[in-house]
Amino acid sequence: MSIQFQQTIPIFRMFDVAKAKEFYIDYLGFTIDWEHRFEPNLPLYMQISRGGLSLHLSEHHGDSTPGSICYVRMTGVEEFHREISAKGYNYLRPGLQTQEWGTRDLNVTDPFGNRIRFSEQL
């Protein structure tokens, strides 16, 4: 049997579920796959996804460090930029950046300081 790594799923810390859903679901277009709490009123742990990208969002102390960054290779970054720009999110207006090393990047920052760099090879 050979070693195979199946998938990487970044974990981002969140501090406000409503703000997290406004950003990831309403603005970026992810869907909620599942939510888990050990008991009512305990921290939420959830998985969201869009296409082949899954993220875990956690209210649990010790899960991830606020201000983390995730690098996502993708295709269609310009279309994605148009899509989210049309939504008029009040807290972020990201632009596209063409890098000298041959990528076009779209950087977004969630309400908790976590960053995602969506990057397409040119």
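We did not get these values from a lab; they are worked out from the coordinates using the rules stated. What you are looking at is a predicted structure, and each value in this text was computed from that prediction instead of being measured. Glycine also receives a Cβ, built like all others from the backbone with ideal geometry; neighbour counts cover every protein chain displayed.
Using the number of other C-beta atoms within 10 angstrom as an exposure proxy, rank ASP110, ASP33, ASP105 with the fewest first. Write down the numbers at each step before the final one.
Details: ASP110 24, ASP33 12, ASP105 17.
Starting with the residue having the fewest Cβ neighbours, the order is ASP33, ASP105, ASP110.
Considering helices alone, the calculated mean residue ellipticity of the chain at 222 nm is -3000 deg cm²/dmol, with DSSP H runs of length four and up weighted by -39500 (n - 2.57) and normalised per residue.
For HIS36, HIS60, the sequence from fewest to most other C-beta atoms within 10 Å is HIS36, HIS60.
Sorting ILE25, ILE3 from the fewest to the most surrounding beta carbons within 10 angstrom yields ILE3, ILE25. Taking every DSSP bridge with both residues inside the chain, close to 70 percent are antiparallel. Measuring r between the beta carbons of GLN97 and HIS36 and using R0 = 41 Å, the FRET efficiency lands at 0.70. Comparing GLY51, THR98, ALA18 along the charge dipole axis of the chain, the residue lying farthest to the positive side is THR98, per the Cβ-charge model.
May I ask for the longest run of the chain untouched by trypsin sites (Lys or Arg not before Pro) that are loop-located per DSSP and have at most 14 neighbouring C-beta atoms (other than their own) within 10 Å? Before the final figure, lay out each step's value.
Numbers: sites that count: ARG37, LYS87.
Longest gap between qualifying sites, sites excluded: 38-86.
Rounded, prolate or oblate for the chain? Axes are the square roots of the Cα gyration tensor eigenvalues, ordered a ≥ b ≥ c, and the cut-off for rounded is a/c under 1.5.
Note, shape of the chain comes out oblate.
Our note on the geometry: Cα centres of segment 1-29 and segment 69-97, 16 Å apart.
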